[in-house]
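Below is one structure, written out as structure tokens, with a few remarks after it.
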Amino acid sequence: MIIKKIVTYRPSFTVRILAGLISFMVIIAACMVTGVADLTQALTTRDTAYRSRLIEEGARVYMDQCARCHGVEGKGIEGQGPSLSSSNFFNNRVKEVGWNSTLETYIAAVTKSGIPLKSSPMWEVTHPPFLDRFGGPLREDQIDNVVRFIMNWRQAPIDTADVVEAPKPGEAFAPMPTPVPLTAAQEEGKNLFLSNGCNACHAIRGVANGAIGPSLNKLYEDALKWISSEEYKASQGKATTPEEYIRESIVNPQAFIVPECPQGACPAGVMPANYADTIPAADLDKLIDYLSTLGRPTQ
Amino acid sequence: MSVIGKRFVEQVKTTGWKSTIAQRLDDGFTRFTAGLSWNDVRGVLRGDPAPKPNPRVKPHTEAFWFHIRPTFYHEAVTTLYPTFRLGLLSAVFFTIEIITGIFLMIFYTPSPERAYTNMIDILTNVPFGSFMRDLHRLGAEAMVIVVTLHMARTFATGSYKKPRQFTWFTGVVLLIVTLFLSFSGYLLPWDQLSFWAVTIGTSMADAAPVFGPTVNLLLRGAPDIGAGGLLRFYLMHVVLFPLIGIIFVAVHYYKVVRWGISLPPEMEPIGEDNARKVPPDKRVNFLPDIATNEIMYAGVAFAILAISAATWYNAPLETHANPLATPNHTVAPWYFYWLQGLLKIPHIIPILPGPIAGALDQFFANVLGLTPKVFWGVIVGPLVFVLLFAVPYIDPNPSRRYGDRKIMLSLGGVFAALILYLSLAGIPTGVPVTGFGYVGGTPPSEIAQEFMPDEGEGELMTIPFDQMIVGEHAVKPDANVPNAPKLNQVLAEVYHSMEKRKTTADPLGQILNEEATASVKITQIQPDLKQISIIINYLDTTGAAQQYVKYKFIHKDSGRAH
Ligand code: HEM
């Protein structure tokens, strides 16, 4: 019955005019409410929300593309890339390099086009271009977002002692120490380092760029430091000399896990543990001989 | 002095200033309304009975807008039944779409570099921008529903029969225009949702034999959707389909004037159309009755839409389109779920008993020369529309009475049920009862997707920022991280979701191993930015230990928490 009533319903003239007027007022009210909301608070609220989400997107791009050279906290990595989160970067860098625009555009420009020539011999790599049109992996909007993410460090810059600052342009550089020439056996060791794929994970200035395991630039120095450290004594490591430490690191990497790697804490179990089986003993000696030259003080 | 000026002066001399100006204004008014003086309009608005001779029919012969509206309707079609006002409402939504669409056009550039930024600008910098976008988006979805229902009602009342076959034909064109309008508009925000939905849609065209790749290339302007594709979709959305739509609405409306709205079937002598033979005492004049009636329905519909757009409805905008990363669970817009459902039919063929499946495979491959997927998606899909076009011609029954049309009405019902069932199967999770159509990843990836979807929001992302306590938290039913009730609640929810997947297999037969564990890890990235990861340790199907990790960055002000 009720269905029949609904179905045969024909609104009277008064109902039509009233319903029409009420609808009209409701529409005006909806417009006014959104208008007032937009002009007072709503636009700003949405603006903040969307800007925040773009920073989130930028964080993802940064971790995927930049962290391996500039570090997860933007502190920079020696030989790989300078700090992007220090006070110096935020306050002085634009003036230092003579860039006639804002820091945002400086970051965007460097990221898009890369730096064609190394500005200092302290860098082992040149800055690659990231914009897709320049052959890089990122779209323009992704680069805009990564700029937003880097600028978000400005509220609390990171100035710890281990920050790697970019050198001032034209600053006189301490000449790089002339490398001690390698012996024939050590040359062979270097080739073994490459042929065994160690370079996929480790960096050695001028030789390899891996960023999964620790950089081996100052391995000898580090080894000396580790074997006398509390952490090492608490571990299963048994080495007493740097050479022993290096051997142990290769044949039994689990004995002691180095605390810090380029992408944060060093992962355990990532470095293959079977090199003792795959590398012949004589080769292993040459490899260790070579690795011990890294960061060993010259007599 | 000019002739006109002279006449004016003479009139002032004979009748005085006041009366001359009043009469001149009324003249202008009458010209504007194409035949109604101010007093006539006043009478219309007050609901006065029409004087004789009736001046209110004049606009119907004189004016363009009124000439595609009838002078009067039969009383019997002015109740809610038989039209339910669905045709009118289709036109109302079409108009709303055009008006709001023009507003949005002002702020939009069809280029991959600008489109997404423009969308954000519309939402965050343009007063009424978000409102207009919500109106446009919700209006579009409402229009698809209303147009479909309008078709269902003209089918049910048998109004497609002689002499209205052509009305029905233009109607089907309008249905297709409506769907394509929605679909082409879908791409324009250039976010992940739109980009992948349209990529899936156009790749269906690609699968068609012979002309498919060409059609696909024409649509996309390049092998993949990019700048060319966006521009083409934009032009289709704002020029091509609106133009076809406007032309066909005009023809459709003209046909409704020409044949009148069909009377309720039981009032019609079988096989004889009497909609235009209305006895004088059954006439309801367009002015004022039908006009005010329509304005009222239009007003109510618009008011509901406006209230929805201003309150609960928010058109989604996900992250920027990324051609290199397909989000999990990409779907076509809901009104194409049935097509997705069709595409999944091949998956049940391997389930059929061996010989039948083999024979079917043979049939498709050898006799038709098609893969089953192409057959269902590209041949059967468009065939649905061919079928709709053909309805007036395959139904030879002259009677419009429900009792005489049992076969046709049941066929229509079966058709509707099929479309509904296929639509359900088109949802990634499949038909709730049978699971038919389920697609999904491994259990860990599905758990992560549930709480931290690739696009859109999940529970793990809506934890208030200050409750995202830095550290690694094991997933357990009684998680008790201090000062973080929401975090604890979500940890428990993840736990229960895991337990469910440990005890019941999903429709693909996958089950999570009993010992699987999970944790949620939160790290501080910047003072107002945290990283939240879900880490699941499980055994894969070969029994090897695996770890599944998925993470998101969450900003304090991203407005997700609720
Ligand atoms: C944008 C889409 C459409 C608009 C604006 C529209 C508009 C209208 C209007 C205003 C009427 C007058 C009667 C009524 O209100 O029901 C009508 C009648 C009709 N429409 Fe549509 N329509 C559209 C789509 C369709 C579709 C998709 C079909 C079917 C495939 C269709 C088939 C018909 C038929 C057969 C009639 C005659 C009904 C009768 O005389 O009882 N229309 N249309």
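Which of the residues spanning segment B:135-153 are within 9 Å of the ligand (Cβ to nearest atom) and crowded, with 20+ Cβ neighbours inside 10 Å? Scanning segment B:135-153 gives B:143, B:146, B:147, B:150, B:151.
Based on what the data block shows, is residue B:361 open to solvent by less than 30 Å² (accessible area, probe 1.4 Å) and not hydrophobic (A, V, I, L, M, F, W, C)? Reasoning before the result, please.
Working: open to solvent by less than 30 Å² (accessible area, probe 1.4 Å): no; not hydrophobic (A, V, I, L, M, F, W, C): yes.
When the stated conditions are applied, residue B:361 does not pass them.
With a requirement of 2 or more residues that are of a type in the set (Phe, Trp, Tyr), the strands (runs of 3 or more DSSP E) lying completely within segment B:490-562 that satisfy it span B:545-555.
The requirement of being over 16 Å from the mean Cα position of the chain (by Cα), within 14 Å of the ligand (Cβ to nearest atom) and of a type in the set (A, V, I, L, M, F, W, C) is fulfilled somewhere in segment B:87-102, by at least one residue. Looking across segment B:58-83, just one residue is under 14 Å from residue B:37 (Cβ atoms) and either open to solvent by less than 60 Å² (accessible area, probe 1.4 Å) or within 14 Å of the ligand (Cβ to nearest atom) (or both), and that is B:59. Checked against (1) within 11 Å of chain A (Cβ to nearest Cβ); (2) out of contact with any Phe, Trp or Tyr (no Cβ under 7 Å at 6 or more places or on another chain), residue B:109 meets all criteria but (1).
Of the helices (runs of 4 or more DSSP H) that lie entirely inside segment B:5-70, those containing 1 or more residues that are closer than 30 Å to residue B:167 by Cβ span B:38-46, B:58-62, B:64-67.
Taking segment A:221-242 as the range and being open to solvent by 70 Å² or more (accessible area, probe 1.4 Å) and of a type in the set (Asp, Glu) as the test, the residues that pass are A:221, A:230, A:231.
Counting only residues that are more than 20 Å from residue A:77 (Cβ to Cβ) and out of contact with any Asp or Glu (no Cβ under 7 Å at 6 or more places or on another chain), segment A:250-290 holds 25 of them. Among residues of segment B:322-338 that are among the small types (Gly, Ala, Ser), those with a Cβ under 6 angstrom from a residue that is open to solvent by less than 50 Å² (accessible area, probe 1.4 Å) and modelled with pLDDT of 85 or more, sequence gap 6+ or separate chain, pair up as B:332/B:197.
Can you spot a residue in segment B:519-526 that is within 40 Å of the chain's Cα centre (by Cα) and within 29 Å of residue B:431 (Cα to Cα)? Scanning segment B:519-526, I find no residue that is within 40 Å of the chain's Cα centre (by Cα) and within 29 Å of residue B:431 (Cα to Cα), so the answer is no.
Sub-8 Å Cβ pairs linking a first residue in segment B:404-427 that is assigned by TED's automatic domain parsing to the domain that holds residue B:346 to a second residue that is open to solvent by 50 Å² or more (accessible area, probe 1.4 Å) and among the β-branched types (Val, Ile, Thr), at least 6 apart or interchain, are B:404/B:270, ordered by first then second residue. Residue B:291 falls short on exactly one of the conditions (1) open to solvent by less than 30 Å² (accessible area, probe 1.4 Å); (2) aliphatic (A, V, I, L, M); (3) within 14 Å of another protein chain (Cβ to nearest Cβ); (4) more than 25 Å from residue B:170 (Cα to Cα), and that condition is (4). Beta carbons closer than 6 Å, at least 6 apart along the sequence or on distinct chains, pair a first residue in segment A:240-262 that is more than 30 Å from residue A:70 (Cα to Cα) with a second that is in a helix (DSSP H, G or I) and open to solvent by 50 Å² or more (accessible area, probe 1.4 Å) for A:251/A:276. Screening residue B:266 against (1) exposed (fewer than 14 other Cβ atoms within 10 Å of the Cβ); (2) away from chain A (no Cβ under 14 Å); (3) within 16 Å of the ligand (Cβ to nearest atom); (4) over 25 Å from the mean Cα position of the chain (by Cα) leaves a single unmet condition, (2).
State whether the residues of segment B:238-245 include one that is under 30 Å from residue B:169 (Cβ atoms) and open to solvent by less than 10 Å² (accessible area, probe 1.4 Å).
If we filter segment B:238-245 for residues that are under 30 Å from residue B:169 (Cβ atoms), which is where we start, we get B:238-245.
If we keep only those that are open to solvent by less than 10 Å² (accessible area, probe 1.4 Å) as well, we get B:245.
The answer is yes, given that some residue of segment B:238-245 is under 30 Å from residue B:169 (Cβ atoms) and open to solvent by less than 10 Å² (accessible area, probe 1.4 Å).
Contact annotation: residue pairs with Cβ atoms under 6 Å, 6 or more positions apart or on different chains, pairing a residue in segment B:378-396 that is open to solvent by less than 50 Å² (accessible area, probe 1.4 Å) with a partner that is not aliphatic (A, V, I, L, M), are B:391/B:160; B:392/B:160; B:392/B:165; B:392/B:168.
The set of residues from segment A:86-137 being of a type in the set (Asp, Glu) and within 20 Å of residue A:63 (Cα to Cα) comprises A:104, A:132. Among the residues of segment B:421-464, count how many are open to solvent by 30 Å² or more (accessible area, probe 1.4 Å) and hydrophobic (A, V, I, L, M, F, W, C). Looking only at that region, the number is 5. Step by step: first the residues of segment B:154-180, then only those that are under 19 Å from residue B:339 (Cβ atoms) and more than 9 Å from the ligand (Cβ to nearest atom), then the one that is most open to solvent (accessible area, probe 1.4 Å). Which residue is that? The extreme case among them is B:180.
Residues considered: B:235, B:243, B:231, B:218. Of these, the only one that is within 15 Å of the ligand (Cβ to nearest atom) and away from every other protein chain (no Cβ under 14 Å) is B:243. Flag: residue B:516 matches the condition of being in contact with a Phe, Trp or Tyr (Cβ under 6 Å, 6 or more places away or on another chain), over 17 Å from residue B:457 (Cα atoms) and away from chain A (no Cβ under 12 Å).
With respect to the conditions (1) within 30 Å of residue B:165 (Cβ to Cβ); (2) in contact with a Lys or Arg (Cβ under 7 Å, 6 or more places away or on another chain); (3) surrounded by 18 or more Cβ atoms within 10 Å (Cβ to Cβ), residue B:205 falls short on a single one, namely (2). Scanning segment A:129-142 for residues that are within 12 Å of chain B (Cβ to nearest Cβ) and not in a loop (DSSP other than H, G, I, E, B) yields A:131, A:132, A:133, A:138, A:140, A:141, A:142.
Here residue B:90 meets each of (1) more than 11 Å from every other protein chain (Cβ to nearest Cβ); (2) open to solvent by less than 30 Å² (accessible area, probe 1.4 Å); (3) outside any helix (DSSP H, G or I) with one exception, condition (3).
Is segment B:99-121 home to any residue that is in contact with a Lys or Arg (Cβ under 9 Å, 6 or more places away or on another chain), open to solvent by 30 Å² or more (accessible area, probe 1.4 Å), at pLDDT below 95 and part of a loop (DSSP other than H, G, I, E, B)? Checking segment B:99-121: at least one residue is in contact with a Lys or Arg (Cβ under 9 Å, 6 or more places away or on another chain), open to solvent by 30 Å² or more (accessible area, probe 1.4 Å), at pLDDT below 95 and part of a loop (DSSP other than H, G, I, E, B). Of all the numbered requirements in (1) open to solvent by 30 Å² or more (accessible area, probe 1.4 Å); (2) under 26 Å from residue B:122 (Cβ atoms), residue B:233 misses one, and that requirement is (1).
The values are calculated or read from the model by the stated rules, or taken from the named source; none is laboratory data. Since we're looking at a predicted model, the values are computed, not measured. Here the Cβ is made from the backbone with ideal geometry for all residues, glycine too, and neighbour counts use every protein chain on show. Accessible surface is based on the protein model in full, side chains and every heavy atom, while ligands, DNA and RNA are left aside. Shrake-Rupley method; radii C 1.70, N 1.55, O 1.52, S 1.80 Å.
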